[in-house]
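K.L.:
This is the structure I want to talk about, given as C-alpha coordinates.
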(Lines give C-alpha, C1' and ligand atoms only; values in the text may rest on other atoms or scores of the structure.)
Protein backbone atom coordinates (compact mmCIF):
# COMPACT_ATOMS: atom_id res chain seq x y z
CA UNK A 1 0.00 0.00 0.00
CA UNK A 2 1.40 3.41 -0.97
CA UNK A 3 2.18 6.22 1.44
CA UNK A 4 -0.55 8.30 -0.20
CA UNK A 5 -3.14 5.57 0.41
CA UNK A 6 -2.06 5.30 4.06
CA UNK A 7 -2.38 9.07 4.45
CA UNK A 8 -5.89 8.95 2.95
CA UNK A 9 -6.92 6.15 5.29
CA UNK A 10 -5.53 8.03 8.30
CA UNK A 11 -7.39 11.22 7.29
CA UNK A 12 -10.63 9.27 6.83
CA UNK A 13 -10.23 7.60 10.23
CA UNK A 14 -9.57 10.98 11.86
CA UNK A 15 -12.74 12.40 10.32
CA UNK A 16 -14.80 9.43 11.54
CA UNK A 17 -13.49 9.88 15.08
CA UNK A 18 -14.27 13.61 15.05
CA UNK A 19 -17.82 13.01 13.81
CA UNK A 20 -18.32 10.39 16.55
CA UNK A 21 -17.27 13.00 19.10
CA UNK A 22 -19.74 15.47 17.60
CA UNK A 23 -22.58 12.93 17.93
CA UNK A 24 -21.63 12.48 21.59
CA UNK A 25 -21.90 16.25 22.05
CA UNK A 26 -18.21 16.79 22.81
CA UNK A 27 -17.40 20.55 22.68
CA UNK A 28 -15.34 21.65 19.67
CA UNK A 29 -12.57 23.01 21.87
CA UNK A 30 -12.07 19.55 23.43
CA UNK A 31 -12.15 17.88 19.99
CA UNK A 32 -9.51 20.32 18.78
CA UNK A 33 -7.18 19.58 21.67
CA UNK A 34 -7.69 15.83 21.43
CA UNK A 35 -7.10 15.48 17.67
CA UNK A 36 -4.97 18.54 16.91
CA UNK A 37 -7.42 20.26 14.56
CA UNK A 38 -8.81 23.79 14.52
CA UNK A 39 -12.41 24.97 14.58
CA UNK A 40 -12.47 25.71 10.84
CA UNK A 41 -11.50 22.10 10.08
CA UNK A 42 -14.30 20.76 12.30
CA UNK A 43 -16.82 23.16 10.77
CA UNK A 44 -15.95 22.18 7.18
CA UNK A 45 -16.03 18.47 8.06
CA UNK A 46 -19.49 18.73 9.63
CA UNK A 47 -20.82 20.80 6.72
CA UNK A 48 -19.48 18.28 4.21
CA UNK A 49 -20.86 15.24 6.06
CA UNK A 50 -24.25 16.74 6.99
CA UNK A 51 -24.83 19.07 4.05
CA UNK A 52 -25.46 21.88 6.54
CA UNK A 53 -23.35 24.06 8.84
CA UNK A 54 -24.60 23.00 12.26
CA UNK A 55 -22.75 22.66 15.56
CA UNK A 56 -24.91 19.95 17.18
CA UNK A 57 -25.65 16.71 15.31
CA UNK A 58 -28.42 15.79 17.76
CA UNK A 59 -31.23 18.11 16.64
CA UNK A 60 -33.94 17.17 19.11
CA UNK A 61 -34.81 19.85 21.65
CA UNK A 62 -37.32 19.65 24.47
CA UNK A 63 -39.55 22.73 24.47
CA UNK A 64 -39.85 24.40 27.87
CA UNK A 65 -41.72 27.55 26.85
CA UNK A 66 -43.15 29.08 23.68
CA UNK A 67 -42.48 32.69 24.67
CA UNK A 68 -39.54 34.78 25.92
CA UNK A 69 -39.75 35.95 29.50
CA UNK A 70 -40.56 39.63 30.17
CA UNK A 71 -40.40 40.57 26.49
CA UNK A 72 -40.69 44.25 25.53
CA UNK A 73 -40.53 45.70 22.04
CA UNK A 74 -37.43 47.72 21.20
CA UNK A 75 -37.97 51.49 21.09
CA UNK A 76 -34.58 52.84 20.00
CA UNK A 77 -32.10 52.26 17.17
CA UNK A 78 -29.69 50.21 19.29
CA UNK A 79 -30.81 46.62 19.92
CA UNK A 80 -28.87 44.63 22.47
CA UNK A 81 -29.82 41.07 23.49
CA UNK A 82 -27.46 39.63 26.10
CA UNK A 83 -29.33 36.33 26.01
CA UNK A 84 -29.67 34.87 22.52
CA UNK A 85 -33.17 33.44 23.13
CA UNK A 86 -34.01 29.74 23.54
CA UNK A 87 -37.82 29.59 23.74
CA UNK A 88 -39.74 27.20 21.48
CA UNK A 89 -37.20 25.34 19.29
CA UNK A 90 -34.75 28.23 18.99
CA UNK A 91 -31.06 27.51 19.51
CA UNK A 92 -27.68 28.68 18.27
CA UNK A 93 -26.76 25.31 16.75
CA UNK A 94 -27.19 26.45 13.14
CA UNK A 95 -24.07 28.51 12.48
CA UNK A 96 -24.71 32.16 11.73
CA UNK A 97 -28.46 32.23 12.45
CA UNK A 98 -29.83 35.33 14.13
CA UNK A 99 -31.31 35.82 17.56
CA UNK A 100 -35.10 35.21 17.54
CA UNK A 101 -35.51 38.54 19.33
CA UNK A 102 -34.77 40.25 15.98
CA UNK A 103 -37.55 38.74 13.84
CA UNK A 104 -39.94 38.90 16.82
CA UNK A 105 -39.43 42.66 17.11
CA UNK A 106 -39.63 43.19 13.35
CA UNK A 107 -42.75 41.05 12.90
CA UNK A 108 -44.59 42.71 15.79
CA UNK A 109 -43.68 46.22 14.65
CA UNK A 110 -44.29 45.92 10.92
CA UNK A 111 -47.05 43.33 10.44
CA UNK A 112 -50.43 42.22 11.77
CA UNK A 113 -51.83 38.76 12.57
CA UNK A 114 -52.80 36.89 9.42
CA UNK A 115 -50.43 38.85 7.14
CA UNK A 116 -47.72 37.21 5.04
CA UNK A 117 -44.06 37.26 6.13
CA UNK A 118 -41.37 36.23 3.64
CA UNK A 119 -37.91 34.91 4.59
CA UNK A 120 -35.81 33.94 1.56
CA UNK A 121 -32.75 32.93 3.62
CA UNK A 122 -34.61 30.50 5.86
CA UNK A 123 -31.70 28.58 7.39
CA UNK A 124 -32.93 26.66 10.43
CA UNK A 125 -36.26 28.52 10.36
CA UNK A 126 -35.91 31.17 13.09
CA UNK A 127 -38.17 33.66 11.30
CA UNK A 128 -40.69 30.97 10.37
CA UNK A 129 -40.93 29.81 14.00
CA UNK A 130 -41.60 33.38 15.15
CA UNK A 131 -44.21 33.93 12.43
CA UNK A 132 -46.03 30.78 13.59
CA UNK A 133 -45.89 31.85 17.25
CA UNK A 134 -47.20 35.32 16.39
CA UNK A 135 -50.11 34.26 14.19
CA UNK A 136 -48.63 35.34 10.85
CA UNK A 137 -48.56 33.44 7.58
CA UNK A 138 -45.03 32.70 6.42
CA UNK A 139 -43.28 31.57 3.27
CA UNK A 140 -39.65 30.58 3.92
CA UNK A 141 -37.16 29.29 1.39
CA UNK A 142 -33.51 28.31 1.29
CA UNK A 143 -31.10 27.14 -1.42
CA UNK A 144 -30.13 24.20 0.79
CA UNK A 145 -32.49 21.22 1.03
CA UNK A 146 -30.86 20.18 4.33
CA UNK A 147 -31.61 23.57 5.86
CA UNK A 148 -35.28 23.23 4.90
CA UNK A 149 -35.35 19.74 6.47
CA UNK A 150 -33.94 21.19 9.70
CA UNK A 151 -36.43 24.08 9.61
CA UNK A 152 -39.26 21.56 9.19
CA UNK A 153 -38.05 19.76 12.34
CA UNK A 154 -37.94 23.05 14.24
CA UNK A 155 -41.52 23.86 13.20
CA UNK A 156 -42.87 20.51 14.39
CA UNK A 157 -44.62 21.73 17.55
CA UNK A 158 -48.15 22.56 18.59
CA UNK A 159 -49.34 26.05 19.50
CA UNK A 160 -52.31 26.84 21.72
CA UNK A 161 -53.46 30.22 20.41
CA UNK A 162 -55.32 31.40 23.55
CA UNK A 163 -52.02 31.25 25.43
CA UNK A 164 -50.15 33.49 23.02
CA UNK A 165 -49.73 37.20 23.78
CA UNK A 166 -49.10 39.95 21.19
CA UNK A 167 -52.05 38.92 19.01
CA UNK A 168 -54.13 42.01 19.64
CA UNK A 169 -57.77 41.95 20.72
CA UNK A 170 -58.44 38.75 18.79
CA UNK A 171 -58.94 36.18 21.55
CA UNK A 172 -59.15 33.29 19.12
CA UNK A 173 -56.48 34.03 16.51
CA UNK A 174 -55.61 31.56 13.79
CA UNK A 175 -52.25 29.80 13.84
CA UNK A 176 -50.68 29.29 10.40
CA UNK A 177 -48.18 26.60 9.51
CA UNK A 178 -45.32 28.18 7.51
CA UNK A 179 -44.81 27.12 3.92
CA UNK A 180 -41.24 25.84 3.41
CA UNK A 181 -39.59 25.67 -0.01
CA UNK A 182 -36.22 24.87 -1.53
CA UNK A 183 -35.57 27.91 -3.67
CA UNK A 184 -33.32 30.78 -4.68
CA UNK A 185 -33.84 34.27 -3.24
CA UNK A 186 -32.87 35.71 -6.63
CA UNK A 187 -35.93 34.14 -8.24
CA UNK A 188 -39.27 34.64 -6.48
CA UNK A 189 -41.34 34.05 -9.61
CA UNK A 190 -43.76 31.84 -7.64
CA UNK A 191 -44.90 35.00 -5.80
CA UNK A 192 -47.12 37.61 -7.53
CA UNK A 193 -46.27 41.30 -7.61
CA UNK A 194 -47.26 43.26 -4.49
CA UNK A 195 -48.24 40.13 -2.55
CA UNK A 196 -46.00 40.14 0.56
CA UNK A 197 -46.67 42.18 3.71
CA UNK A 198 -43.20 41.94 5.28
CA UNK A 199 -39.77 40.60 4.34
CA UNK A 200 -37.56 39.56 7.25
CA UNK A 201 -34.27 37.89 6.32
CA UNK A 202 -30.67 37.32 7.39
CA UNK A 203 -28.48 36.78 4.31
CA UNK A 204 -25.04 35.16 4.34
CA UNK A 205 -22.08 37.52 4.46
CA UNK A 206 -19.69 37.65 1.51
CA UNK A 207 -17.33 34.66 1.75
CA UNK A 208 -17.09 34.78 5.56
CA UNK A 209 -19.13 31.79 6.75
CA UNK A 210 -20.18 29.02 4.37
CA UNK A 211 -23.58 27.36 4.84
CA UNK A 212 -23.23 24.45 2.41
CA UNK A 213 -20.49 22.28 0.95
CA UNK A 214 -19.97 24.55 -2.09
CA UNK A 215 -23.54 24.13 -3.33
CA UNK A 216 -24.31 25.86 -6.61
CA UNK A 217 -26.17 29.11 -5.92
CA UNK A 218 -24.92 29.50 -2.32
CA UNK A 219 -24.18 33.24 -1.99
CA UNK A 220 -21.96 32.62 1.04
CA UNK A 221 -19.13 31.42 -1.25
CA UNK A 222 -18.99 34.66 -3.26
CA UNK A 223 -16.41 37.38 -2.76
CA UNK A 224 -17.53 40.97 -2.19
CA UNK A 225 -18.20 42.21 -5.73
CA UNK A 226 -19.97 39.05 -6.90
CA UNK A 227 -21.92 38.87 -3.63
CA UNK A 228 -23.25 42.41 -4.10
CA UNK A 229 -24.02 41.76 -7.77
CA UNK A 230 -26.10 38.68 -6.94
CA UNK A 231 -27.73 40.35 -3.93
CA UNK A 232 -28.90 43.09 -6.28
CA UNK A 233 -31.11 40.45 -7.93
CA UNK A 234 -32.53 39.59 -4.49
CA UNK A 235 -33.24 43.27 -3.82
CA UNK A 236 -35.09 43.76 -7.10
CA UNK A 237 -37.20 40.65 -6.52
CA UNK A 238 -37.91 41.90 -2.98
CA UNK A 239 -39.13 45.21 -4.36
CA UNK A 240 -41.37 43.45 -6.87
CA UNK A 241 -43.16 41.12 -4.44
CA UNK A 242 -43.51 43.53 -1.50
CA UNK A 243 -46.70 45.57 -1.20
CA UNK A 244 -46.31 49.37 -1.51
CA UNK A 245 -45.84 51.03 1.86
CA UNK A 246 -44.57 47.82 3.50
CA UNK A 247 -41.17 46.95 4.97
CA UNK A 248 -38.16 44.75 4.28
CA UNK A 249 -35.72 44.04 7.16
CA UNK A 250 -32.23 42.69 6.37
CA UNK A 251 -29.46 41.96 8.91
CA UNK A 252 -25.91 42.47 7.65
CA UNK A 253 -22.47 43.10 9.19
CA UNK A 254 -19.11 44.52 8.21
CA UNK A 255 -15.91 42.57 7.70
CA UNK A 256 -12.20 43.28 7.92
CA UNK A 257 -9.50 42.88 5.28
CA UNK A 258 -5.81 43.69 5.75
CA UNK A 259 -6.47 45.44 9.08
CA UNK A 260 -9.09 47.78 7.56
CA UNK A 261 -12.85 47.57 7.84
CA UNK A 262 -14.86 46.76 4.71
CA UNK A 263 -18.27 48.51 5.00
CA UNK A 264 -20.32 45.57 3.73
CA UNK A 265 -23.33 46.88 5.63
CA UNK A 266 -23.31 50.23 3.82
CA UNK A 267 -22.69 48.52 0.48
CA UNK A 268 -25.72 46.26 0.94
CA UNK A 269 -27.87 49.23 1.96
CA UNK A 270 -26.83 50.86 -1.31
CA UNK A 271 -27.95 47.77 -3.25
CA UNK A 272 -31.47 47.92 -1.80
CA UNK A 273 -31.74 51.70 -2.21
CA UNK A 274 -30.82 51.37 -5.90
CA UNK A 275 -33.56 48.75 -6.25
CA UNK A 276 -36.11 51.44 -5.36
CA UNK A 277 -36.50 51.17 -1.58
CA UNK A 278 -36.26 54.05 0.85
CA UNK A 279 -34.61 53.67 4.26
CA UNK A 280 -37.18 53.80 7.07
CA UNK A 281 -34.85 52.87 9.96
CA UNK A 282 -31.19 52.00 10.44
CA UNK A 283 -30.88 49.85 13.57
CA UNK A 284 -27.63 48.80 15.20
CA UNK A 285 -27.54 45.24 16.54
CA UNK A 286 -24.95 44.94 19.29
CA UNK A 287 -23.03 41.67 19.70
CA UNK A 288 -22.14 40.34 23.14
CA UNK A 289 -19.72 37.52 22.37
CA UNK A 290 -16.63 39.74 22.04
CA UNK A 291 -13.73 39.24 24.43
CA UNK A 292 -12.36 42.56 25.64
CA UNK A 293 -9.95 41.65 28.44
CA UNK A 294 -6.55 40.01 28.82
CA UNK A 295 -5.02 38.86 25.54
CA UNK A 296 -7.59 40.61 23.33
CA UNK A 297 -7.37 43.89 25.23
CA UNK A 298 -3.58 43.99 25.13
CA UNK A 299 -3.46 43.20 21.42
CA UNK A 300 -6.18 45.75 20.66
CA UNK A 301 -3.95 48.42 22.17
CA UNK A 302 -0.68 47.07 20.75
CA UNK A 303 -1.91 46.70 17.16
CA UNK A 304 -4.52 49.48 17.35
CA UNK A 305 -7.59 47.56 16.17
CA UNK A 306 -11.12 47.07 17.50
CA UNK A 307 -13.12 43.86 17.62
CA UNK A 308 -16.17 44.00 15.34
CA UNK A 309 -19.15 44.02 17.72
CA UNK A 310 -22.01 45.37 15.64
CA UNK A 311 -24.32 44.51 12.77
CA UNK A 312 -26.80 46.67 10.87
CA UNK A 313 -30.52 46.05 10.59
CA UNK A 314 -31.79 48.43 7.90
CA UNK A 315 -35.57 48.59 7.61
CA UNK A 316 -36.36 49.38 3.98
CA UNK A 317 -39.77 50.49 2.77
CA UNK A 318 -41.32 50.21 -0.68
CA UNK A 319 -42.69 53.69 -1.45
CA UNK A 320 -46.34 54.28 -2.08
CA UNK A 321 -47.07 55.54 -5.60
CA UNK A 322 -47.70 59.02 -4.22
CA UNK A 323 -44.23 59.01 -2.61
CA UNK A 324 -42.46 58.32 -5.90
CA UNK A 325 -44.16 61.31 -7.51
CA UNK A 326 -42.97 63.80 -4.90
CA UNK A 327 -40.60 66.53 -6.04
CA UNK A 328 -37.25 66.65 -4.30
CA UNK A 329 -36.63 69.50 -1.90
CA UNK A 330 -35.52 72.65 -3.68
CA UNK A 331 -35.58 75.09 -0.77
CA UNK A 332 -32.29 76.88 -0.22
CA UNK A 333 -30.34 76.12 2.93
CA UNK A 334 -30.92 78.19 6.02
CA UNK A 335 -27.60 79.26 7.41
CA UNK A 336 -24.01 78.40 6.62
CA UNK A 337 -21.80 75.68 8.03
CA UNK A 338 -18.46 76.92 9.36
CA UNK A 339 -15.56 75.08 10.94
CA UNK A 340 -13.77 76.26 14.06
CA UNK A 341 -10.85 74.83 15.96
CA UNK A 342 -11.74 74.09 19.56
CA UNK A 343 -10.23 72.58 22.67
CA UNK A 344 -12.49 69.59 23.47
CA UNK A 345 -13.65 68.64 26.93
CA UNK A 346 -11.84 65.52 28.09
CA UNK A 347 -12.27 63.13 30.99
CA UNK A 348 -9.13 63.37 33.04
CA UNK A 349 -8.41 59.66 33.19
CA UNK A 350 -9.86 56.46 31.75
CA UNK A 351 -9.65 53.10 33.51
CA UNK A 352 -9.12 51.49 30.10
CA UNK A 353 -9.76 52.23 26.44
CA UNK A 354 -12.74 50.84 24.54
CA UNK A 355 -11.70 47.77 22.52
CA UNK A 356 -14.76 46.87 20.40
CA UNK A 357 -16.62 48.75 17.68
CA UNK A 358 -19.53 49.51 20.04
CA UNK A 359 -18.89 52.10 22.74
CA UNK A 360 -21.58 52.30 25.43
CA UNK A 361 -20.72 55.34 27.52
CA UNK A 362 -22.44 56.91 30.55
CA UNK A 363 -24.81 59.82 29.92
CA UNK A 364 -22.83 61.94 32.37
CA UNK A 365 -19.51 62.92 30.75
CA UNK A 366 -20.57 61.16 27.51
CA UNK A 367 -18.69 63.53 25.19
CA UNK A 368 -15.71 63.76 27.55
CA UNK A 369 -15.25 59.98 27.57
CA UNK A 370 -15.79 59.74 23.83
CA UNK A 371 -13.21 62.46 23.14
CA UNK A 372 -10.70 60.90 25.54
CA UNK A 373 -10.99 57.47 23.91
CA UNK A 374 -10.49 58.89 20.41
CA UNK A 375 -7.59 61.14 21.32
CA UNK A 376 -5.70 58.59 23.42
CA UNK A 377 -6.06 55.83 20.82
CA UNK A 378 -5.28 57.83 17.69
CA UNK A 379 -2.74 60.45 18.84
CA UNK A 380 0.20 60.88 21.17
CA UNK A 381 -0.22 63.29 24.06
CA UNK A 382 -1.53 66.64 22.80
CA UNK A 383 -0.79 66.19 19.09
CA UNK A 384 -4.32 66.57 17.77
CA UNK A 385 -6.72 69.10 16.30
CA UNK A 386 -10.47 69.10 16.87
CA UNK A 387 -12.75 70.93 14.46
CA UNK A 388 -16.39 71.67 15.26
CA UNK A 389 -18.72 72.14 12.30
CA UNK A 390 -21.18 74.81 13.38
CA UNK A 391 -24.35 76.15 11.80
CA UNK A 392 -24.70 79.93 11.77
CA UNK A 393 -27.64 82.02 10.64
CA UNK A 394 -27.67 83.21 7.05
CA UNK A 395 -26.27 86.67 6.57
CA UNK A 396 -23.98 86.72 9.62
CA UNK A 397 -20.33 87.50 9.02
CA UNK A 398 -17.07 87.37 10.95
CA UNK A 399 -16.54 83.61 10.78
CA UNK A 400 -13.45 82.23 9.12
CA UNK A 401 -12.58 78.64 8.24
CA UNK A 402 -9.89 77.63 10.70
CA UNK A 403 -7.05 75.57 9.32
CA UNK A 404 -5.72 72.51 11.08
CA UNK A 405 -2.43 73.23 12.76
CA UNK A 406 0.67 71.59 11.34
CA UNK A 407 2.42 68.81 13.19
CA UNK A 408 -0.73 67.12 14.48
CA UNK A 409 -1.21 63.35 14.34
CA UNK A 410 -5.00 63.38 14.58
CA UNK A 411 -7.69 65.51 12.96
CA UNK A 412 -11.00 65.00 14.79
CA UNK A 413 -14.11 66.47 13.10
CA UNK A 414 -17.32 66.82 15.12
CA UNK A 415 -20.74 68.03 13.92
CA UNK A 416 -23.10 68.67 16.86
CA UNK A 417 -25.56 70.65 14.72
CA UNK A 418 -26.91 67.52 12.97
CA UNK A 419 -30.41 66.63 14.12
CA UNK A 420 -33.82 65.63 12.80
CA UNK A 421 -34.55 69.24 11.84
CA UNK A 422 -31.76 69.33 9.28
CA UNK A 423 -33.13 69.76 5.73
CA UNK A 424 -31.58 68.02 2.72
CA UNK A 425 -29.87 71.24 1.69
CA UNK A 426 -28.00 71.41 5.03
CA UNK A 427 -26.94 67.78 4.62
CA UNK A 428 -25.42 68.54 1.23
CA UNK A 429 -23.64 71.59 2.66
CA UNK A 430 -22.33 69.46 5.52
CA UNK A 431 -20.93 66.82 3.17
CA UNK A 432 -19.35 69.49 0.99
CA UNK A 433 -17.68 71.02 4.05
CA UNK A 434 -16.38 67.61 5.18
CA UNK A 435 -14.83 67.04 1.76
CA UNK A 436 -13.32 70.54 1.77
CA UNK A 437 -11.67 70.05 5.17
CA UNK A 438 -10.33 66.59 4.28
CA UNK A 439 -8.86 67.74 0.95
CA UNK A 440 -7.28 70.71 2.64
CA UNK A 441 -5.71 68.50 5.29
CA UNK A 442 -4.37 66.02 2.74
CA UNK A 443 -2.86 68.76 0.59
CA UNK A 444 -0.91 70.28 3.49
CA UNK A 445 2.46 69.07 4.71
CA UNK A 446 1.46 67.72 8.11
CA UNK A 447 2.17 64.69 10.28
CA UNK A 448 -1.48 63.66 10.36
CA UNK A 449 -1.92 59.90 10.66
CA UNK A 450 -5.63 59.64 11.41
CA UNK A 451 -8.84 61.49 10.62
CA UNK A 452 -11.86 60.73 12.82
CA UNK A 453 -15.31 61.99 11.85
CA UNK A 454 -18.11 61.98 14.41
CA UNK A 455 -21.54 61.97 12.75
CA UNK A 456 -25.09 60.68 13.19
CA UNK A 457 -28.09 59.61 11.14
CA UNK A 458 -30.86 62.12 10.49
CA UNK A 459 -34.56 61.51 9.91
CA UNK A 460 -36.08 63.65 7.14
CA UNK A 461 -39.72 63.35 6.06
CA UNK A 462 -40.04 59.91 7.65
CA UNK A 463 -36.91 58.42 6.08
CA UNK A 464 -33.38 58.00 7.39
CA UNK A 465 -30.53 59.93 5.86
CA UNK A 466 -27.63 57.51 6.67
CA UNK A 467 -24.92 60.06 7.32
CA UNK A 468 -22.05 57.66 8.05
CA UNK A 469 -22.76 55.87 4.78
CA UNK A 470 -22.93 59.20 2.94
CA UNK A 471 -19.54 60.23 4.34
CA UNK A 472 -17.96 56.86 3.48
CA UNK A 473 -19.33 57.14 -0.08
CA UNK A 474 -17.93 60.67 -0.29
CA UNK A 475 -14.40 59.88 0.89
CA UNK A 476 -13.28 57.37 -1.73
CA UNK A 477 -9.77 58.78 -1.81
CA UNK A 478 -6.69 56.66 -2.51
CA UNK A 479 -4.70 58.10 0.39
CA UNK A 480 -7.47 57.38 2.92
CA UNK A 481 -8.11 53.92 4.31
CA UNK A 482 -11.21 53.24 6.41
CA UNK A 483 -9.76 51.70 9.53
CA UNK A 484 -12.83 51.52 11.81
CA UNK A 485 -16.56 52.19 11.93
CA UNK A 486 -17.42 52.71 15.59
CA UNK A 487 -20.96 52.92 16.99
CA UNK A 488 -21.40 55.07 20.09
CA UNK A 489 -24.43 55.20 22.38
CA UNK A 490 -25.38 56.14 25.92
CA UNK A 491 -26.04 53.48 28.53
CA UNK A 492 -29.38 52.96 30.29
CA UNK A 493 -31.44 55.11 27.95
CA UNK A 494 -35.12 54.83 28.78
CA UNK A 495 -38.02 56.25 26.79
CA UNK A 496 -41.77 55.97 27.07
CA UNK A 497 -43.51 53.15 25.23
CA UNK A 498 -44.23 54.05 21.64
CA UNK A 499 -47.13 52.85 19.54
CA UNK A 500 -46.48 50.06 17.07
CA UNK A 501 -45.34 51.43 13.72
CA UNK A 502 -43.97 54.70 15.12
CA UNK A 503 -40.39 55.74 14.44
CA UNK A 504 -37.59 54.51 16.65
CA UNK A 505 -35.55 56.99 18.64
CA UNK A 506 -32.12 57.46 17.04
CA UNK A 507 -29.75 56.93 19.94
CA UNK A 508 -26.48 56.07 18.23
CA UNK A 509 -23.68 58.03 16.61
CA UNK A 510 -20.75 56.98 14.43
CA UNK A 511 -17.01 57.49 14.56
CA UNK A 512 -15.44 56.95 11.14
CA UNK A 513 -11.71 56.37 11.60
CA UNK A 514 -9.52 56.92 8.55
CA UNK A 515 -5.82 56.22 8.37
CA UNK A 516 -3.81 58.49 6.09
CA UNK A 517 -1.33 56.82 3.76
CA UNK A 518 1.10 59.47 2.54
CA UNK A 519 3.67 58.87 -0.21
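K.L.:
Please verify whether region 473-493 includes one or more residues that are closer than 26 Å to residue 247 by Cβ, modelled with pLDDT under 90 and surrounded by fewer than 17 Cβ atoms within 10 Å (Cβ to Cβ).
P.N.:
Scanning region 473-493 turns up at least one residue that is closer than 26 Å to residue 247 by Cβ, modelled with pLDDT under 90 and surrounded by fewer than 17 Cβ atoms within 10 Å (Cβ to Cβ).
K.L.:
Now for a different question. Determine whether residue 124 is buried (at least 21 other Cβ atoms within 10 Å of the Cβ), at positive phi, in the same structural domain as residue 284 (by TED's automatic domain parsing) and not in a helix (DSSP H, G or I).
P.N.:
no
K.L.:
Ok, one more. Out of the residues in region 100-121 meeting the condition of being touching a helix residue (DSSP H, G or I) at 6+ places or on another chain (Cβ under 8 Å) and part of a helix (DSSP H, G or I), tell me which one is nearest to residue 502 (Cα to Cα).
P.N.:
The residue in question is 107.
K.L.:
Consider residue 119 against the criteria (1) modelled with pLDDT under 95; (2) touching a strand residue (DSSP E or B) at 6+ places or on another chain (Cβ under 9 Å); (3) buried (at least 19 other Cβ atoms within 10 Å of the Cβ): it satisfies all of them except one. Which criterion is unmet?
P.N.:
(1)
K.L.:
Another question, if that's okay. Can you list the strands (runs of 3 or more DSSP E) found entirely within region 233-282 that contain at least 1 residues being surrounded by fewer than 18 Cβ atoms within 10 Å (Cβ to Cβ) and either assigned by TED's automatic domain parsing to the domain that holds residue 466 or at positive phi (or both)?
P.N.:
In region 233-282, 242-250 are the strands (runs of 3 or more DSSP E) which contain 1 or more residues that are surrounded by fewer than 18 Cβ atoms within 10 Å (Cβ to Cβ) and either assigned by TED's automatic domain parsing to the domain that holds residue 466 or at positive phi (or both).
K.L.:
Among (1) at pLDDT 70 or above; (2) surrounded by fewer than 16 Cβ atoms within 10 Å (Cβ to Cβ), there is one condition residue 97 misses while meeting the rest; what is its number?
P.N.:
That leaves (2) as the condition not met.
The values are calculated or read from the model by the stated rules, or taken from the named source; none is laboratory data. Every value quoted in this text rests on a predicted model; they were computed, and no experiment measured them. Using ideal geometry, Cβ is built from the backbone for each residue, glycine included, and neighbour counts are taken over all protein chains shown.
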